[in-house]
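This report concerns only the one structure given below.
The values are calculated or read from the model by the stated rules, or taken from the named source; none is laboratory data. Just so we're clear, the structure is a prediction, and the values are computed from it rather than from any experiment. Cβ placement follows ideal geometry from the backbone for every residue including glycine, while neighbour counts extend to all protein chains displayed.
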Amino acid sequence: MKELDFYEEIGNWDFSQIKYETEKLTDWDFYERIKKYTDKNSVCLDLGTGAGEKLLAKYPNVRLVIGTDYSDAMLRGAKINLEKSGRKDVRFAKMDNLQITLPDELLDLISARHTVIDAKQLYKSLRKGGIVVIQGVEKLDCQELKEMFKRGQAYKDKVAISQLDYEQLVNAGFEIVEKKEVLENEYFETKEDLLALLLKTPILDDFSEIEENNYGKKSIEMNILDEYIKKNTTEKGILLKRVLYGIVAVKR
Ligand SMILES: C[S@@+](CC[C@H](N)C(=O)[O-])C[C@H]1O[C@@H](n2cnc3c(N)ncnc32)[C@H](O)[C@@H]1O
């Protein structure tokens, strides 16, 4: 419930105000993969879609993609964003990723970007030959920053989340098509831009580490942040090393 409260308070997953550039170091791209496995007849589900910002901007044109989220605040934003986008192939609905309520074997593809999955539920919702595309945050994401603050997302995890997803998918009956480490360098224009990212995301404050009733009042030790910035300021901006993972799996 802590995580739901966190997203309810934010109500969007929009980073367009933050000035930063992304440099891709590997060639795996979540939306390119979705494009590869869909066409104009595909029926898709995008789990934990947030306010649909990325789906509306980057999903290929398909017959129907349903973006779902368990946060009412996110869905309110998604409906406004949908109207602005003019897309006719997108619908948004409230649903818990862990309790998929769509008919079995309906979907051609399920996508999940930075959100929780239940592989068995995915398996039952996909038709034979259906595809799952996942992108997640790896244990070593922003590692130098997390080491300096001695906390953060997945910092204390014993097993990498990518490994858990992989095992879950295999145990549910999926054949793994690929599992890739996805490396990106992000360069932030100013300290304020990096700070805005850290205040908005759980990079430094995993859900388990936020005190009850302290959402939106996160505090960050500025002396440590200054030290990180001193070490990581480059010609391109303040460097943050992102370590993500991508998985594609198929229901045979
Ligand atoms: C990090 S955001 C990612 C949003 C979007 N997928 C993207 O990549 O921009 C995670 C989203 O997953 C949603 N979420 C987390 N757990 C969920 C669950 N069990 N069921 C449905 N939505 C969930 C949150 O409300 C939030 O909108």
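Taking the range 34-57, which residues are over 27 Å from PHE188 (Cβ atoms) and basic (Lys, Arg)?
The answer is LYS35, LYS36, LYS40.
Restricting attention to the range 143-186, the residues being buried (at least 19 other Cβ atoms within 10 Å of the Cβ), under 22 Å from ALA112 (Cα atoms) and over 19 Å from the mean Cα position of the chain (by Cα) number 1. The test for being free of Cβ contacts under 8 Å to residues at least 60 places away in the same chain, touching a strand residue (DSSP E or B) at 6+ places or on another chain (Cβ under 8 Å), among the polar types (S, T, N, Q) and closer than 25 Å to ILE10 by Cα holds for THR68. Of the residues making up the range 39-56, those that are among the polar types (S, T, N, Q) and more than 9 Å from LEU109 (Cα to Cα) are ASN41, THR49. Selection over the range 27-57 of residues that are of a type outside the set (D, E, K, R) and touching a Leu at 6+ places or on another chain (Cβ under 7 Å) gives a count of 10.
Look at (1) among the hydrophobic types (A, V, I, L, M, F, W, C); (2) surrounded by fewer than 16 Cβ atoms within 10 Å (Cβ to Cβ); (3) not in a helix (DSSP H, G or I) and you find that ILE117 fails only one, number (2). Every test in (1) farther than 19 Å from LYS54 by Cβ; (2) away from the ligand (no atom under 16 Å from the Cβ); (3) at pLDDT 95 or above is passed by TYR155 save one, and that test is (3). Looking only at residues that are surrounded by fewer than 22 Cβ atoms within 10 Å (Cβ to Cβ) and within 14 Å of the ligand (Cβ to nearest atom) in the range 87-99, which one is nearest to ARG113 (Cα to Cα)? That would be ASN97.
When the strands (runs of 3 or more DSSP E) confined to the range 1-86 are screened for residues that are within 16 Å of the ligand (Cβ to nearest atom) and surrounded by fewer than 16 Cβ atoms within 10 Å (Cβ to Cβ), those reaching at least 1 such residues are found at 20-24. Applying the criterion of being among the aliphatic types (A, V, I, L, M) and crowded, with 16+ Cβ neighbours inside 10 Å to the residues of the range 187-214, the residue that is modelled with the lowest pLDDT is ILE210.
Within the range 148-173, residues that are over 20 Å from SER125 (Cβ atoms) have Cβ atoms under 9 Å from residues that are polar (S, T, N, Q) and not in a loop (DSSP other than H, G, I, E, B) in these pairs: GLY152/GLN143; TYR155/GLN143; LYS156/SER208, counting only partners at least 6 apart in sequence or on another chain.
Part of a helix (DSSP H, G or I), modelled with pLDDT of 95 or more and among the aliphatic types (A, V, I, L, M): does that describe ALA112? Taking the combined requirement at face value, the residue does not satisfy it.
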